[in-house]
Structures are given as structure tokens and as C-alpha cells.
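Taken together, the values in this text are just the output of simple stated rules run on the coordinates, not laboratory data. Since we're looking at a predicted model, the values are computed, not measured. Ideal geometry is used to build each Cβ from the backbone, glycine not excepted, and the neighbour counts take in all protein chains shown.
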């Protein structure tokens, strides 16, 4: 096989990988967003109703330094008192995503790797959903927003509307969550497959477009220079100075900025 043919084959594999990820994002991100939005708005309504008597007596002066603001701390404490415990109804979506990853990699249900991939994907997505949910309802962040609106002189109803609007427009977070978890799990599945097939080396491929992360401004993550990097299978790639067994791998302490929204893929190099 010529170098040109090899590169064309690699590019084709990367594009197929990208297509599967985008299909997953289009299918599952709206579902996750819908569940999150409904439950968060119900949670938010309970929070604001609980706070109503306290908001009426909130002092409306602006402080130069909000750090350690007792009003924010107080409101955050009240919010924590009605803190939701989780996302009911998300389990079925997580299971479906995990199953889809394993099936799209060509594994049958009686293959031991199928269960391993489903378990890995479930853990990754469960952790990500938990972090996503906790980030939306961080008591201190919400308290600061509510206090700021009250100090602007907004009434309870307008405060409620603005806070609900702010948290209802987080669809991009659901897309990012699905894309990151799906890509990580797909690459893990492919990594397991390459090991089973007896490959000795693997190659890192980017999407080869202008969205591939590269250093600019405050952005230091560099996947462009990882493109076509080859590593012994089972040993890590070095990407922006961090160690990853495959694109999206977090097992060796890779920073979130190095894996979130990653669209890179892995192929056998032998």
C-alpha cells in the first residue's frame, strides 16, 4: 500500500468515526437536555419558592468586593437545603448510549468485550452527567446570580424568569457531554479491539479540519501535532505534555481541556 493510499484509508476511518459521533450527539443530546431542563426547572421552582420570604428582605446595596458576601453565603446555604439528589430518568439514556457504542464497534452481546465496553461507557457517562448536573445547580453560583438580580431591584417573578432562562439555555453542554463521552468510549472500544486483534502499534488521527484544537490565545491544548503520532499499543501517546492511551482517555490524569469535545480517533498502525 502506498503512503497516499494509507493516508486516504486513515482519513476515511476518521470521517466514519466523526459521522458516528455526530449521529450520537444529534440523537442523545436533545434527550439529555430535555430531561435535565425539566428536572432543573422543577428544582429551581422549589428553590425560589423556598427563598421567596428571604428575597423580600434582602438588602439591595452593591458591595465592591463580593468575596465572602454573607448574603450570598446565606442564600447558598438555603439553596443547599433543597439540593436535588440526581437526575431521575437518565438511566435508560445512559444504558442506550453504552449499548450503541458497543454495537457500533461490531461486538456481539456474547463477546466479553461487549460487557466491558458497556460498563466503561456507563461509568464515563454517569460521572459526566453527575458533573454536568452539579455544575448547573451549584448553590454558590446560583445564589450569586439571584442576589445580583435582587440588588438590581428586580422583583421575585422577574428574578425567577431570568434565572430559569439562564439555566434553560444550556443545550450546548448536553452536546459536549455526549460528544466527549461517546468519543472516549468509542476509542476505548477500538483500543480493546486492537489489543484483541494482536496489533502492536496504534496511530492517533485528528478530524483534520479547522476545529482541531491547537494553541492560540489562552488555549494551550494541541491535537494538531498529535495527528498521525504512533505509539506502542498499551503505551501512552504524549499530547500537550500529557499521557493518553487513546483519544479521550482519562485514566492517566489527562486534563479536562485535553479530552472534552475531542473528535480524534485511534487506528491500528501495524
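Dividing the radius of gyration of the alpha carbons in region 199-270 by their Kirkwood radius gives 0.95 for Rg/Rh. Using alpha carbons only, how many degrees (0 to 90, rounded to 10) separate the axis of helix 70-81 from the longest principal axis of the chain? On a 0 to 90 degree scale, this one is about 70.
Kirkwood radius for the chain, taken over all pairs of different Cα atoms as the inverse mean of 1/r, rounds to 20.9 Å. Could you work out how far helix 156-168 tilts from the main Cα principal axis of the chain, as a 0 to 90 degree angle to the nearest 10? Roughly 0 degrees, rounded to the nearest 10.
Ranked by how many other Cβ atoms sit within 10 Å of their own Cβ, fewest first, the residues 186, 12, 160, 255 fall in the order 12, 255, 160, 186. Our estimate of slack between residue 164 and residue 116, defined as 0.36 nm per intervening residue step minus the Cα-Cα distance, is 13.4 nm. Length gained on full extension, residue 123 to residue 95, computed as 0.36 nm times the residue gap minus the Cα-Cα distance: 9.1 nm.
Residues 108, 78, 266, arranged from fewest to most other Cβ atoms within 10 angstrom of their Cβ, appear as 108, 78, 266. If R0 is taken as 41 Å, the Cβ-Cβ distance between residue 22 and residue 74 corresponds to a FRET efficiency of 0.35. Just so you know, the Rg over Rh for region 85-229 is 1.11, from Cα atoms, with Rh as the Kirkwood radius. Given a Förster distance of 22 angstrom, what is the FRET efficiency for residue 228 paired with residue 256, based on the Cβ-Cβ distance and rounded to 0.05? Result of the calculation: an efficiency of 0.35. The angle separating the long axis of helix 91-104 from the principal Cα axis of greatest extent in the chain is about 20 degrees. For region 81-130, the alpha-carbon coordinates run over 46, 14, 14 Å along the three principal axes, in decreasing order.
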